[in-house]
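Student: Before we start, here is the structure in question, set down as structure tokens.
The values are calculated or read from the model by the stated rules, or taken from the named source; none is laboratory data. Note that the coordinates shown come from a computational prediction; the quantities given were computed from them, not determined experimentally. Positions of Cβ are backbone-derived with ideal geometry, glycine not excepted, and every protein chain shown enters the neighbour counts. Quick note on the areas: whole protein, heavy atoms, side chains included, nothing else; ligands and nucleic acids left out. Shrake-Rupley method; radii C 1.70, N 1.55, O 1.52, S 1.80 Å.
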Amino acid sequence: MKAVQYREVGGSPEVVDVPEPEPGPGQVLLKVTAAGVCHSDIAVMSWPEVPFGLPLTLGHEGAGTVEALGDGVTGLEVGESVAVYGPWGCGTCLECSRGKENYCLRADELEIRPPGLGAPGAIAEYMLVDDPRHLVPLKGLDPVQNVPLTDAGLTPYHAIKGALPKLVPGSTAVVIGTGGLGHVGVQLIRALSPARVIALDVSEEKLELARKVGAHETLKSDEHAAGRVREMTGGAEAVFDFVGVQATVDLAVAVAGVDSAVMLVGIGGGTARVGFGVNPYDMAVRTPYWGSRSELIEVLELARAGAVDVHVETYSIDEAPRAYERLHAGRVDGRAVILPNG
Ligand code: NAD
Ligand code: ZN
Ligand code: ZN
């Protein structure tokens, strides 16, 4: 079968032919319908070394139809359309027992890795899923439009839920970076809260998308941005940084007000300076990662209710390397989605 792999450190994604996997006991084989392309893959491919073996089949946003069930798997029908919950954990530690496999206490020790970030991922004609609990039935949702919700939806949703008590009437949420995650994040804030949304990006096209999906105000993310946002708000109640480089972390902290939540979601390597007297009283800086299984179910319910509309660009599997190039160049409008069997 065809798969898109990161094969060696410093390399670029390549379309290769690999053996079609077979489900072992307890596993599920999916025929992949759609797989989203995340900026985290570009970050991983820039690291001088990776904490897992290569080659790696990319893609940690996946949706497909059940192709075959390994021994002992029950509760799924062959042909059923499902989304993959990506942050696999051990399933039994305290965090996993709460459905928060994204915060599994034993994943590192047991070398359990998400598909596309250590285990073979979704940008392939078929993918193996280690346990049926990682699958959420799509129940009529279009897999192509909604596959990004497994990360570009779930991650902002988890971050926003953590800051929701701050987002009361009259409050402001600042969204920095309105690409894949950010343009969904704007919609989720609008769906979950009465907060005013101010969105910032370096690209005018991304700001256009932010306005289209519900941002009340948009601003160019430059050296004047922090001052402008402070003038508009006096300090925002919640800030979501979907970039995470030093400039945006500085911006996020600079626009945060008293008793605010600063959610650093982007993995650009920036760090925040926090200390008494340095920041407004009771400002919290948090680094949320992905989301829980129940939150994925909730995000999919929001999509079913019509509250989130992911903007997608679709590509065949042979075009997947071009999708990564466009993402790297900041040219993707919303999320790039690969159709490995389409
Ligand atoms: P993306 O490329 O689709 O979007 C990034 C956006 O940020 C683009 O619109 C770009 O124009 C904008 N941007 C770049 N520099 C900026 C700046 N200085 N100020 C404002 N905007 C700027 O990327 P994505 O797939 O949405 O991922 C966003 C970030 O979140 C990445 O760092 C990714 O690795 C990370 N991520 C984190 C988690 C997590 O669990 N914490 C999960 C998924 C992705
Ligand atoms: Zn991701
Ligand atoms: Zn666990």
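Student: Can you tell me the relative contact order of region 159-286? Whole percent, Cα pairs under 8 Å, sequence separation 6 or more.
Tutor: Computed value for region 159-286: 23 percent relative contact order.
Student: Which Rg and Dmax, in Å, describe the Cα atoms of region 1-158?
Tutor: 14.9, 42
Student: Okay, next question. Which of L181, L76, L251 ends up with the largest GNM mean-square fluctuation for the chain, with Cα atoms connected below 10 Å?
Tutor: L76
Student: Using the structure shown, select from K166/K212; K139/K166; K166/K206; K2/K161 the pairs with a Cα to Cα distance greater than 28 angstrom.
Tutor: In this structure, K139/K166; K2/K161 exceed 28 Å between Cα atoms.
Student: Continuing with the same structure: Using Cα-Cα distances under 8 Å and only pairs 6 or more residues apart, what relative contact order does region 1-139 have, in percent?
Tutor: 32 percent
Student: Using just the helices of the chain, give the 222 nm mean residue ellipticity in deg cm²/dmol: DSSP H runs with n ≥ 4 each add -39,500 (n - 2.57), and the total is spread over all residues, rounded to 500.
Tutor: Per the formula, -7000 deg cm²/dmol.
Student: What whole number of Å gives the distance from the Cα centroid of region 225-290 to the Cα centroid of region 1-33?
Tutor: When both Cα centres are located, 38 Å separates them.
Student: Further, regarding this structure: Once the piece of chain linking I42 and E325 is laid out straight, how much longer is it, given 0.36 nm per residue of separation minus the C-alpha distance between them?
Tutor: Between I42 and E325, full extension yields an extra 100.9 nm.
Student: Is the chain rounded, prolate or oblate when judged by the Cα gyration tensor, a ≥ b ≥ c being the square roots of its eigenvalues, rounded requiring a/c under 1.5 and prolate requiring a/b larger than b/c?
Tutor: Here the chain falls in the prolate category.
Student: State the percentage of accessible surface on the chain attributable to carbon and sulfur atoms; use a 1.4 Å probe and exclude ligands, DNA and RNA.
Tutor: Answer for the chain is 50 percent, counting heavy atoms of protein chains only.
Student: By the scheme Lys and Arg +1, Asp and Glu -1, what is the net charge of all other residues having a beta-carbon under 10 Å from that of T65?
Tutor: -2
Student: May I pose another question? In a solvent-free Debye calculation with one equal scatterer on each Cα, what is log10 I(q)/I(0) for region 159-286 at q = 0.09, 0.15, 0.18, 0.22 Å⁻¹, listed in the order of the q values?
Tutor: -0.20, -0.57, -0.85, -1.35
Student: Here is a follow-up. With an 8 Å cut-off on Cα pairs and a minimum separation of 6 or more residues, tell me the relative contact order of region 206-258 in percent.
Tutor: The normalised contact order for region 206-258 reaches 32 percent.
Student: What number comes out for accessible area per residue over region 159-286 if the probe is 1.4 Å? Units Å², please.
Tutor: 42 Å²
Student: For region 158-163, just list the computed ³J(HN,Hα) in residue order, Karplus coefficients 6.51, -1.76 and 1.60, θ = phi - 60°, integers in Hz, with x standing in for Gly and Pro.
Tutor: So the Karplus estimates, Gly and Pro as x, are 4, 5, 5, 4, x, 10 Hz.
Student: While we're on this one: Angle check, please: helix 180-192 long axis (alpha carbons) against the longest principal axis of the chain (alpha carbons), in degrees 0 to 90, nearest 10.
Tutor: 70 degrees
Student: What does the charge count near A173 come to, summing +1 for each Lys or Arg and -1 for each Asp or Glu among other residues with Cβ under 10 Å from its Cβ?
Tutor: Combined, the nearby Lys, Arg, Asp and Glu give +2.
Student: Tally Lys and Arg at +1 and Asp and Glu at -1 over the other residues with C-beta under 14 Å from the C-beta of G53: what net charge comes out?
Tutor: Taking every Cβ under 14 Å from that of G53, the sum is -1.
Student: Given Cβ point charges of +1 (Lys, Arg) and -1 (Asp, Glu) and nothing else, what value in debye, to the nearest 20, does the dipole of region 159-286 about its Cα centre take?
Tutor: Around 320 debye, computed over region 159-286.
Student: I need the shape label for region 74-160. Rule: rounded when a/c is under 1.5, else prolate if a/b > b/c, else oblate, with a, b, c from the alpha carbon gyration tensor.
Tutor: prolate
Student: Hey, another quick one. Using the Karplus curve 6.51 cos²θ - 1.76 cosθ + 1.60 with θ = phi - 60°, what ³J(HN,Hα) values do you get for each residue of region 254-271, in whole Hz, with x for Gly and Pro?
Tutor: Rounded to whole hertz, the list is 5, 9, 6, x, 4, 6, 9, 10, 10, 9, 8, 9, x, 10, x, x, x, 10.
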